[in-house]
Structure formats: C-alpha cells, structure tokens
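Right, one structure below, let's go through it.
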Amino acid sequence: MTRETEERELQEQDILDFFDGRVEHFPDRSVRRLLQNKENVRGLVEIVASNLAALIDFNQLVPMNRSLLPETLREQEADVVYRVPFKNQARTKL
C-alpha cells in the first residue's frame, strides 16, 4: 500500500468516525472538527479579536487535552483548548 493510499484511507475513516454518533451532537462535533485546523483557528480569532490575532504565533498552536471537562459533557460541549505563544513574548503586554 502506498503512502498516498494509506493517507486517503485514514481521511476516509476520519470522515466516517466524524459522522458516527448521534445527530444532536453535530453542532458541537463540527465546531471541534473545524477548529482542529490551525488556519480555521486563526480565522476565528481574526474575526472576534483582530488586534489580538496580530500578536499570536499560530504556527505554534498546540491542542491541549480536553480531559478537564467532565465525562458527561465531552460529547455535548464544543470547548476546544489550545496553548499558543505570542509572536514576541518580550514585547507583548496585555
């Protein structure tokens, strides 16, 4: 199996896994899915806080473990937690 074929199969399985579940969780699951992409996170921050977006180094965005949410809420909440540094920490003041 080639690497390309393997990647395509993983993507197909990822899509199937995304839709595997109850329909009422679609909004939460879709938001989490969209925010797995760094460019989508950057776009959202640019929309809601453009002055802050200019200071953040989105290339170093790291998703954090969501285990801080209670088990009962994990499939019902769209919370996504990231760690991301400022572009120039020495000069950045908030």
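Residue-wise test of (1) closer than 30 Å to residue 85 by Cβ; (2) among the aromatic types (Phe, Trp, Tyr); (3) in a loop (DSSP other than H, G, I, E, B); (4) at pLDDT 75 or above.
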| site | (1), (2), (3), (4) |
| --- | --- |
| 7 | yes, no, no, no |
| 16 | no, no, no, no |
| 21 | no, no, yes, no |
| 24 | no, no, no, no |
| 28 | yes, no, no, no |
| 33 | yes, no, no, yes |
| 52 | yes, no, no, yes |
**Message:** Looking at region 44-58 only, could you name the residues that are surrounded by 16 or more Cβ atoms within 10 Å (Cβ to Cβ), more than 19 Å from residue 32 (Cα to Cα) and in contact (Cβ under 8 Å) with a residue 24 or more places away in the chain?
**Reply:** 55, 56
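The values are calculated or read from the model by the stated rules, or taken from the named source; none is laboratory data. Note that the structure is predicted; figures quoted are calculated from it, not measured. FYI the Cβ positions are ideal-geometry reconstructions off the backbone, even for glycines, and counts take in every protein chain you see.
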